[in-house]
Amino acid sequence: AVLGGIQGKVNALGHAMGTALKVGALAGGAAVIGLGVALFKVGASFDAAADKIRVGTGATGDALKRLTADFKVVFKAVPTDMASASTAITELNKRLQLTGQPLQHLAAQFVELSRITGTDLRSNITTVTRVFGDWSIATEDQSEALNTLFKISQATGPSVDEIGRLVVQYGAPLRQFGFSFEEAAVMMGQFQKQGVNTELVMGSLRIAIGKFAEENIPLRQGLEDTIRKIQEMGPSARATALAMEVFGARAGADMADTILAGKFAIDDWVKSVEGSSESILQAGKDTMDFGERFTLMKNKVMVALAPLAGAIFELANVLMDALTPAIE
């Protein structure tokens, strides 16, 4: 029965190996062995990636096959290694339950973001998927939201991971004031760029929420009216007094200074980000050098060889299963 199983595997490989064996016959037995070893290594690498996805997601059967297929699409689309591509597929499927094209595109974005910015892939995924959840960003909008964070990072300096952590940390008060995700992200980026004490400002906004609610004033209207009045007053004791009244005695002076310095003026920045066609994948493509182009070509070749390499790897496993009892 064991020999019959092995024979079946060999027969299944016959057609796929035909061309390789003909080439090997011309080049000599050493070439055949070398080709077999190389294909075995490729098969082993793909098997390791599939195992990582299997353990990380718990997927089996057809679900695992689909995720493995998604992994191959990402691996041949960007200049990366199998570990990074399989990590992106595993973490995004686990956190967002994505499969198919949405998973492939978002995984490619995260892999390229981490490559071109020199940042940690897993950390980027962890932070940004929390942003998606905290701000209720729909699946179809997640790719663009990630591009938005990237563009804001380019414009203001802080990393995508840092901006993402801040919009989650202060998401509740920002949403209460009616700030959109784009406005909140731009504000956090601007605050970091300009050296604003973000914790103090956000604490003062929470105080203002209580005051406006007590006076039955719509929060966004109350905030905008206060900012306008302080700007009209200019640097003065009156402006500081108003800021202390609305934002609290401890933070009032700092809030007056922040407002008068124009650090709440984000409309132009939001329009600039929304009007930009920049994207992570385009930036990755534009900055690709020879080494990265070679890696991309190699990845495409490996994916093309995957069926044959996988068959050889599987055959080796069958042979080992047959030999082990005999050796014992």
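The values are calculated or read from the model by the stated rules, or taken from the named source; none is laboratory data. Quantities reported herein were computed from a predicted structural model and do not represent experimental measurements. Using ideal geometry, Cβ is built from the backbone for each residue, glycine included, and neighbour counts are taken over all protein chains shown. All accessible areas refer to the heavy atoms of the entire protein, side chains included, with ligands and DNA or RNA removed. Shrake-Rupley method; radii C 1.70, N 1.55, O 1.52, S 1.80 Å.
A few points about this structure:
- Anisotropy class assigned to region 150-256 is prolate, per the alpha carbon gyration tensor with a/c at or over the 1.5 cut-off and a/b larger than b/c.
- Nearest 10 degrees, 0 to 90: helix 61-77 Cα axis against the chain principal axis: 80
- Sulfur and carbon atoms: percent of accessible area, region 183-311 [1.4 Å]: 53
- Relative contact order of region 135-280, defined on C-alpha pairs under 8 angstrom at six or more residues apart (%): 26
- Between helix 82-96 and the chain: long-axis angle, C-alpha atoms, 0 to 90°, nearest 10: 50
- Region 204-305: translational diffusion in µm²/s, Stokes-Einstein, Kirkwood Rh over Cα pairs, 4 °C, 1.567 mPa s: 74
- 3J(HN,Hα) couplings calculated from phi for region 99-115 with the Karplus curve 6.51 cos²θ - 1.76 cosθ + 1.60 (θ = phi - 60°) are, in sequence order, 9, x, 4, x, 5, 4, 5, 5, 4, 4, 4, 5, 4, 5, 4, 5, 5 Hz; Gly and Pro show x.
- Taking every protein chain into account, the accessible area of region 156-256 amounts to 45 square angstrom per residue (probe 1.4 Å).
- Taking every C-alpha pair closer than 8 Å and separated by at least 6 residues, the mean separation divided by the residue count of region 66-191 gives a relative contact order of 20 percent.
- Each residue of region 30-104 gets 91 Å³ once the volume of the Cα convex hull is shared out per residue.
- Rounded to 10°, Cα long-axis angle of helix 219-233 versus longest principal axis of the chain: 60
- Local electrostatic count at Val131 - Lys and Arg +1, Asp and Glu -1, tallied over other residues with Cβ under 13 Å: -2
- For region 168-210: rounded, prolate or oblate by the Cα gyration tensor [a/c cutoff 1.5]: oblate
- Checking (1) 19.6; (2) 23.1; (3) 16.9 against the coordinates, the calculated mean projected area of the Cα convex hull in nm² falls under label (2).
- Among Ser123, Ser114, Ser236, the largest mean-square fluctuation in a Gaussian network model of the chain (Cα springs under 10 Å) belongs to Ser236.
- Region 64-179, accessible surface, carbon-and-sulfur percent (1.4 angstrom probe): 47
- Summed residue charge, Cβ within 15 Å of Arg165's Cβ, Lys/Arg positive, Asp/Glu negative: -3
- Rolling a 1.4 Å probe across the protein heavy atoms gives region 263-328 an accessible surface of 65 Å² per residue.
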